[in-house]
2 protein chains.
Amino acid sequence: MTAEIWDVVIVGAGLSGLSAAHYLRKRDAKLKILILEGKDRVGGRTVSSEIPAANGADVWDFGGQWVGSTQKHVMELIKELGLEVYPQFNTGKKVLHVGGPDSRVRVYRTSIPALSPLVLLDLTLFLWKIDRLSGTVCVQDPLKTPNAVELDGMTLQSYIEQHAWTAELKEQLGVCSRSVFGMEPSQMSFLFFLMYAAAAGGVLALLESTPGCAQEFKIKGGTQQLSECLSERVGWKNVRLGSAVTAIWQDAEWARVTTSRDTFLCRAVIVTCPPHLAAKIHYQPPLPTMREFLTQNMPVGHMIKFIITYQTAFWKEKGFSGEIVAGSSSNSPFCVTFDATSPRGNPALVGFIAGQQASRWGPNEPGERRGAVVSSLVKYLGPEAASFIHYEEKDWAKEDYSGGCPVNVMAPGLLTYYHPSLRKPCGRIHWAGTETATQWCGYMSGAVQAGRRAALEVLVEVCHVVLTAEEQEALQQSQPAGSRPSSRLLCLFSRKAVVAALTLSTALLLARRYDGLPRIRTYLTDTLSARKLNVLPKW
Amino acid sequence: MTAEIWDVVIVGAGLSGLSAAHYLRKRDAKLKILILEGKDRVGGRTVSSEIPAANGADVWDFGGQWVGSTQKHVMELIKELGLEVYPQFNTGKKVLHVGGPDSRVRVYRTSIPALSPLVLLDLTLFLWKIDRLSGTVCVQDPLKTPNAVELDGMTLQSYIEQHAWTAELKEQLGVCSRSVFGMEPSQMSFLFFLMYAAAAGGVLALLESTPGCAQEFKIKGGTQQLSECLSERVGWKNVRLGSAVTAIWQDAEWARVTTSRDTFLCRAVIVTCPPHLAAKIHYQPPLPTMREFLTQNMPVGHMIKFIITYQTAFWKEKGFSGEIVAGSSSNSPFCVTFDATSPRGNPALVGFIAGQQASRWGPNEPGERRGAVVSSLVKYLGPEAASFIHYEEKDWAKEDYSGGCPVNVMAPGLLTYYHPSLRKPCGRIHWAGTETATQWCGYMSGAVQAGRRAALEVLVEVCHVVLTAEEQEALQQSQPAGSRPSSRLLCLFSRKAVVAALTLSTALLLARRYDGLPRIRTYLTDTLSARKLNVLPKW
């Protein structure tokens, strides 16, 4: 078996790998860059597929779908590739179902969730606390965070148990964790959670669909186009599909990258696949101990995404936005849905079965799971939900060379003991993938940032290119994690929290004295409504 | 490439795999059993090597070394193979260094550690609490434990933060965690810790070297003999070294097991390697999602073990037992040492560099690490420690086809969401290895139990053997986790805790009133000494 010779081999044709290739080519058009991909397609955790719809057929995203205006790396790429974005539809009634399968399904029109004043207060204060904490995290070097070891020694769940008072809030926080990570709050380090939020510019930025937040826009035609356009730019001949890398061996002169069929020699390798997949590659010499322990402590989330198409957007006609939040106690397989009507006007809903709900429903037969999804939609939006055109789902845990979605989290203790290995090159191997990003880590934008950063490392190490000042800054990752879109909201929040706390305390005192709790609760709800207290995360 | 045909292929020639093979052969001598091992030796996490010693040379264990009388599976095997055990030497002065690098090194002769009464009380109550909790755990089905989800949603560290009062106790609990798991309390689920203790018969059983506990005996000639004798029994021709399994494919008729050189067809496979290594094998059809998530959430510990040989056992001559406990704040690379004088009388000490101390010292040059170990021994035992014959260490994280030691722990949330996959066969694949044991999980005895259980599964599934009543019971793992050797101690403990608590409270009250705290402390120490309050774990 003779080995082909390349300058750089990139493992993984997702957004991170292709962004790295694209950047390398832009800086040095002569570089011979090969991208090896295990799947039979490019795009990694983004995939856009056509399914039957009202007007015949249309394209939806079955992986990453949202971008936001503060996600500068992906927004620049979208612009560069000539793609267009459109906002997430979120007008109308929202549905909220927590507190047990038989509890009342709450529907509300305002921006205030239909929660009791006590839960609202609990939510407000809790979000204020964790956002303030996330503001203290140094994403580049999380151990610089005050009380880092303590925060990393506990799970997000432990923090919730200590700081959330009401069962309803705890259940809603479970929904947040599931929607963002495909995991439960018990499965991740609290410091990791704070770092992840800090990399996005704040906790609310992860949860909201308002300007600057994670769920602001979608890409017309689907997000997989990003990878397809990038493949065009770097040349499809340089992208080899169905070529899973099994081994990377290094000696003084070369890195030798092996697939089941071929061997390639190169000067540098950029590994972009998520940590649990990078762990399956055989390395010679072995990776440093700390790197091996790092990958062992970064499990991936579990998310099943579905799109269900309809003849008409009956939910809009009935005044619903399409947003449903269903807690783990609700019997619903999904934790959250949104309107997913296409830019061409084909009505659809998108939903996520994630975390413990994916553990519960993942092993069922597809028909059973679909039946349970449709039943829940009927329960929440009305009988029209039963007459769908097509239901299509994607269980990312079952996708070869993914094994899970949307992101790998960090188990407690990782940041304390192994974090320096996250981005540190191992000889000729450089690490990318959205998990290594410092801005919007875990998102498409993070994938692009990480790819570019790894490309810069290679430019310096292999090509001895002199970086521009801007590139040097990007390489050092010294930039703060963008503006904090939530800080403005949080200022409002903290003021509101004080107002709400005072109002509530007074009300409760009065209620206790005059035994007038029911009336006071009604009054409080009205008061808070009038203030338009915006506290429910809009995933 | 033509494939050899076998009845059963076992992945891993450690104690678990060889025990499985041995049991299968005993039940059906006609079975064709092949054992494939990546390393160039048998024994897995046990290895016994000869190093220079006072009388020329002698053999020491560089992996698992201790067994105990309640570890019935390994004790039966030792007897069957005609090997002998001898007790761990633990007579004499012990050394304790916690509270910072410049704090006083405490030396004590009694069974009571040289701790202040307050720390002693804290330790007593803490051990009593966790042992009581571990008594509520159902090892076979840990979700049946009261408050299981809550206990699994927190780290051991979180429990320590909530229930240990004194910094010294917290530091000592770090030493416990490092010595037992090679990991920090922040890195594991609290429910996992309780289950692990329950599988050993109680928390103290993990920590003590008294009868029934984990560090009771050693095996004359070394523990690797167990695997070597088993290989003799099953036939060395059936053990292939240097044969790492890379893939296991299954179809309706066969399992196809592949190494880099060969392919083998068989009716059943027993995978015995630890979860992080089993995750590197390529499975077709893919393993169930829950099994993949299970292996992603079971990182392995980090332990460097050293043996240092001397001309004379100078520590014994000076009245020391050889036991040193050094906290993470001590600047010592090791967390614990013991006397390791061989049955042939060659003086030696054994020590462990583990958890965060392994993270800190592992990347150093070997000479630097040795220098630091010797300096610490000089500090704790006297200048004679500098004149050693030989220092030999083994960093298990750097051992191919191990990657860590002594055991894989479970990250928070695993037991709640993925535990049913731990022992559940996947088609023709059966799972063994000490991590799957229900009695002395993580120990050599657990490895033997797990191997036998997997063998029973194969006897039923593949050979359609009718099991004896005893075998059926073993297969159902319905047996409780043996006697609880610590329960007797704990009864004593709880009485002593009450006495100590009352004495201390009175003393503190008196001290506050009469400003006589220093004298009261002396009194208390004397009183507690007189009572021979036995509260320090003897690792």
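The values are calculated or read from the model by the stated rules, or taken from the named source; none is laboratory data. Because the structure is a prediction, the values reported are computed rather than measured. Methodologically, a virtual Cβ is constructed for each residue, glycine included, from the backbone with ideal geometry; neighbour enumeration extends over all protein chains shown.
Could you check the stretch B:287-304 and list, in sequence order, the residues that are under 16 Å from B:V409 (Cβ atoms), facing another protein chain (nearest Cβ under 7 Å) and in contact (Cβ under 8 Å) with a residue 60 or more places away in the chain?
B:F293, B:N297, B:P299, B:V300, B:H302 - these are the residues of the stretch B:287-304 that are under 16 Å from B:V409 (Cβ atoms), facing another protein chain (nearest Cβ under 7 Å) and in contact (Cβ under 8 Å) with a residue 60 or more places away in the chain.
Screening the candidates A:L125, A:L120, A:L151 for the property of being surrounded by fewer than 24 Cβ atoms within 10 Å (Cβ to Cβ) and either in a helix (DSSP H, G or I) or among the β-branched types (V, I, T) (or both) yields one hit, A:L125. Looking across the stretch A:1-16 at every residue that is in contact with a Gly (Cβ under 8 Å, 6 or more places away or on another chain) and under 17 Å from A:R267 (Cβ atoms), the one that is surrounded by the most Cβ atoms within 10 Å (Cβ to Cβ) is identified as A:I10.
Starting from residues that are assigned to a helix (DSSP H, G or I) and facing another protein chain (nearest Cβ under 9 Å), keep the ones in the stretch A:400-427 and report whichever is surrounded by the most Cβ atoms within 10 Å (Cβ to Cβ).
Residue satisfying both the conditions and the ranking: A:L414.
Candidates A:L226, A:L204, A:L230, A:L241: the one that is touching a residue at least 12 places away in the same chain (Cβ under 8 Å), over 30 Å from A:N90 (Cα atoms), away from chain B (no Cβ under 14 Å) and surrounded by 24 or more Cβ atoms within 10 Å (Cβ to Cβ) is A:L230. Restricting the stretch B:284-312 to residues that are farther than 30 Å from B:P383 by Cβ and of a type in the set (V, I, T), the residue that is surrounded by the fewest Cβ atoms within 10 Å (Cβ to Cβ) is B:T289. Scanning the stretch A:345-369 for residues that are under 29 Å from A:P87 (Cβ atoms) and away from chain B (no Cβ under 14 Å) yields A:G345, A:N346, A:P347, A:A348, A:L349, A:V350, A:G351, A:F352. Do we have any residue at all in the stretch A:386-393 that's within 22 Å of the chain's Cα centre (by Cα) and touching a residue at least 12 places away in the same chain (Cβ under 8 Å)? Yes. Screening the candidates B:G212, B:G242 for the property of being closer than 30 Å to A:H276 by Cβ and part of a loop (DSSP other than H, G, I, E, B) yields one hit, B:G242.
Here is the figure for the stretch A:276-291: residues that are more than 24 Å from the chain's Cα centre (by Cα), part of a helix (DSSP H, G or I) and of a type outside the set (A, V, I, L, M, F, W, C) total 1.
Here the condition is being of a type in the set (S, T, Y) and either farther than 20 Å from B:V180 by Cα or in contact with a Pro (Cβ under 6 Å, 6 or more places away or on another chain) (or both); of B:S359, B:S376, B:S328, B:S332, it holds for B:S376 alone. Counting only strands (runs of 3 or more DSSP E) that sit wholly inside the stretch A:315-398, those with at least 1 residues that are more than 30 Å from A:T166 (Cβ to Cβ) are A:348-354, A:390-395. Restricting the search to the stretch A:379-406, which residues are touching a Pro at 6+ places or on another chain (Cβ under 8 Å) and among the aliphatic types (A, V, I, L, M)? Selection gives A:I389 alone.
The residues of the stretch B:180-201 that are within 20 Å of B:W128 (Cβ to Cβ) and part of a helix (DSSP H, G or I), listed by number, are B:V180, B:P185, B:F190, B:L191, B:F193, B:L194, B:M195, B:Y196, B:A197, B:A198, B:A199, B:A200.
Might you check whether a residue that is within 13 Å of chain B (Cβ to nearest Cβ), surrounded by 24 or more Cβ atoms within 10 Å (Cβ to Cβ) and at positive phi occurs anywhere in the stretch A:428-450?
No, the stretch A:428-450 has no match at all.
For the stretch B:292-306, taking the residues that are assigned to a strand (DSSP E or B) and not basic (K, R), the one that is farthest from the chain's Cα centre (by Cα) is identified as B:F306.
Assessment of the stretch A:83-91 against the conditions (in contact (Cβ under 8 Å) with a residue 12 or more places away in the chain, acidic (D, E) and either closer than 21 Å to A:G442 by Cα or crowded, with 22+ Cβ neighbours inside 10 Å (or both)) yields no matching residue. Considering every residue within the stretch B:264-272, establish whether at least one is aliphatic (A, V, I, L, M), surrounded by fewer than 19 Cβ atoms within 10 Å (Cβ to Cβ) and at pLDDT 95 or above. Yes, there is a match, as at least one residue in the stretch B:264-272 is aliphatic (A, V, I, L, M), surrounded by fewer than 19 Cβ atoms within 10 Å (Cβ to Cβ) and at pLDDT 95 or above. May I ask you to list the residues in the stretch B:49-93 that are under 15 Å from B:Y391 (Cα atoms) and in a strand (DSSP E or B)? Those that are under 15 Å from B:Y391 (Cα atoms) and in a strand (DSSP E or B): B:S49, B:E50, B:I51, B:P52, B:A53, B:G56, B:A57, B:D58, B:V59, B:W60, B:D61.
Rundown of residues vs (1) outside the structural domain of A:S186 (by the TED database); (2) among the hydroxyl-bearing types (S, T, Y); (3) over 22 Å from A:G14 (Cα atoms); (4) in contact with a Phe, Trp or Tyr (Cβ under 8 Å, 6 or more places away or on another chain), yes/no style:
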| site | (1), (2), (3), (4) |
| --- | --- |
| A:K379 | yes, no, yes, no |
| A:E384 | yes, no, yes, yes |
| A:I389 | yes, no, yes, yes |
| A:K394 | yes, no, no, yes |
| A:S402 | yes, yes, no, yes |
| A:G413 | yes, no, yes, no |
| A:Y417 | yes, yes, yes, yes |
| A:L422 | yes, no, no, yes |
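Every listed requirement among (1) of a type in the set (G, A, S); (2) within 20 Å of A:G63 (Cα to Cα); (3) crowded, with 24+ Cβ neighbours inside 10 Å; (4) away from chain B (no Cβ under 14 Å) is met by A:S342 save one, (3). Examine the stretch B:32-40 for a residue that is farther than 26 Å from B:G221 by Cα and surrounded by fewer than 18 Cβ atoms within 10 Å (Cβ to Cβ), and state whether such a residue exists. Yes, the stretch B:32-40 contains at least one residue that is farther than 26 Å from B:G221 by Cα and surrounded by fewer than 18 Cβ atoms within 10 Å (Cβ to Cβ).
Quick check on the stretch A:182-194. Is at least one of its residues surrounded by fewer than 24 Cβ atoms within 10 Å (Cβ to Cβ) and without any contact (Cβ under 8 Å) to a residue 40 or more places away in the chain? No, every residue in the stretch A:182-194 fails to be surrounded by fewer than 24 Cβ atoms within 10 Å (Cβ to Cβ) and without any contact (Cβ under 8 Å) to a residue 40 or more places away in the chain. The set of residues in the stretch A:99-127 being within 23 Å of the chain's Cα centre (by Cα) and modelled with pLDDT of 95 or more consists of A:F126 alone. Here B:W60 fulfils each of the conditions (1) of a type in the set (A, V, I, L, M, F, W, C); (2) closer than 19 Å to B:L226 by Cβ; (3) touching a helix residue (DSSP H, G or I) at 6+ places or on another chain (Cβ under 9 Å) apart from (3).
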